[in-house]
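Accompanying notes for the structure given below.
The values are calculated or read from the model by the stated rules, or taken from the named source; none is laboratory data. Computed from a predicted model, the values in this text were never measured in an experiment. Every residue, glycine among them, receives a Cβ derived from its backbone with ideal geometry; neighbour counts consider all protein chains shown. Keep in mind that these areas ignore ligands, DNA and RNA; they rest on the heavy atoms of the full protein, side chains included. Shrake-Rupley method; radii C 1.70, N 1.55, O 1.52, S 1.80 Å.
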Amino acid sequence: MRQSVIMIWFVAMPWLIGNSQNIADLKKDMAGIASDATEGRFTASEGYLKAAQYVSAELKAAGIVPGWTDGQKKTYLQPVPFAWDNYAGSALYIHGKAFEHAPGNFLITQPGKPGTGKWVVLAPGDSVKGKPAGIVRLPNTAQSKDWETTVIRQYRFGYMHYLPDGKDTVTAMPVILVSPALAELLSPGDSVIVGLRHMLEDKVGYNVVGFYPGAEPKFSNEAIIIGAHLDHIGRFNNDIYNGANDDASGCVAELGVARMLAAHAIQHPVLFVFFCGEELNLKGSGWFVNHLPIPKENISLAVNLEQLGSKHRSFKGVWALGDSIFKQPFYSAGRNFMLKDLQFSATDSVKDILGNTDTYSFMNRQIPSLLLGSGGFDEHHTPQDKIDLIDFEHLQKVTYLLYNLVRFFSASLNKPLTI
């Protein structure tokens, strides 16, 4: 009997979704999230907050209510605690000329308190002799060839700390790594002067959380979570890492489904979550699963969206990775795709891939989970991941698939949830 109802519903779906989501909406959302105005959305940056405010406003406009309670206040913004190593005022002096701390000059790769001796310049692989005040490292071949990636890994990700992890007490001598440009002014064994200043600043990242309560309260005891990461790498000098596919594409699909649910109600609740800190080792989703706005046992499925829209995607359709119980629902929901453009991989066969996505945070809490993506793409983590890279027709089809999947699951759930 249930199978017959589901088949009838899928026949009706093209008419339902066609009136609530279109490419113009997708493009508007993509611009609001991944334009140059949000400056790459690095967690806790002004650009990230601008994107978070855009998403919050769109959720509100769609009728999705705030999903987080801060004290007595309902809000869309769930704060996530970070701290930032601020080395403003630090400088390296070479031949009497000062070079201020900046990504184009030098990075602190090991914090510490300078000793009383001199700072010593070492070539890659050289060992430390004696007790210098600190070490100035020259870049190795790989670092010199791709200094910008070195900066991303250290300046952005090495300087930002997730406070629940704690901050190690550093007793070793400080180490700085100079840029290829400054390396040309130095030789191994040189003694230089370094003025090192450090202050640990509190920073706040935000997960954006919206709540759709469902049309029938008596069926509201099992919820579906839809998530995507809102953060990306940020900005370096004149390069903005827009992250249009990684992962504004997932966020745009998520907003599309929010609007569809507002137009065509389902019985069961849905939490919409836009994570910060994915690029910081999944810290935003890690915080979320440990500070859930609903009981963990009330979550029937967590769907994570990742890199769904690139014109240069490695998989033409949609690839689902997760618990095997979701295989048939995924194929049923994807009937707007050719069968050959749908692929499903069970969790055990793709743990390495899932471990690099926010899905992993849910897996760690034994929450049933599913990742939807369209494979990798060559522009990943480069300034070329821009809006003109997005295949909006494909992204629209993915949005429809996701909406189908949510409705399919709602049809099989039946238990009162308060938030």
*Does Tyr403 satisfy the criteria of being open to solvent by less than 10 Å² (accessible area, probe 1.4 Å), out of contact with any strand residue (DSSP E or B) (no Cβ under 8 Å at 6 or more places or on another chain) and either within 27 Å of Phe211 (Cβ to Cβ) or of a type in the set (A, V, I, L, M, F, W, C) (or both)?*
yes
*Give the number of residues within region 237-280 that are among the aromatic types (Phe, Trp, Tyr) and more than 17 Å from Gly309 (Cβ to Cβ).*
2
*Of all residues in region 93-103, which are open to solvent by 40 Å² or more (accessible area, probe 1.4 Å), assigned to a loop (DSSP other than H, G, I, E, B) and more than 15 Å from Ser191 (Cα to Cα)?*
none
*Looking only at residues in region 77-92 that are surrounded by fewer than 16 Cβ atoms within 10 Å (Cβ to Cβ) and among the small types (Gly, Ala, Ser), which one is farthest from Met260 (Cα to Cα)?*
Gly89
*Got a sec? Which helices (runs of 4 or more DSSP H) wholly within region 118-200 have at least 1 residues that are of a type in the set (Asp, Glu) and either buried (at least 19 other Cβ atoms within 10 Å of the Cβ) or under 25 Å from the mean Cα position of the chain (by Cα) (or both)?*
147-151
*Please state which of the following conditions Ser35 fails to meet, knowing it meets all the rest: (1) at pLDDT 95 or above; (2) open to solvent by 70 Å² or more (accessible area, probe 1.4 Å).*
(2)
*From the residues in region 269-316 that are at pLDDT below 95 and of a type in the set (S, T, N, Q), which one is surrounded by the fewest Cβ atoms within 10 Å (Cβ to Cβ)?*
Asn281
*Name the one entry in Lys27, Lys74, Lys113 that is open to solvent by 50 Å² or more (accessible area, probe 1.4 Å), farther than 30 Å from His380 by Cα, basic (Lys, Arg) and modelled with pLDDT of 95 or more.*
Lys74
*Please go through region 361-378 and pick out each residue that is buried (at least 19 other Cβ atoms within 10 Å of the Cβ) and not polar (S, T, N, Q).*
Phe362, Met363, Ile367, Leu370, Leu371, Leu372, Gly373, Phe377
*asked:* If I filter region 337-346 for residues that are over 22 Å from the mean Cα position of the chain (by Cα), within 21 Å of Asp391 (Cβ to Cβ) and in a strand (DSSP E or B), do I get at least one hit?
replied: yes
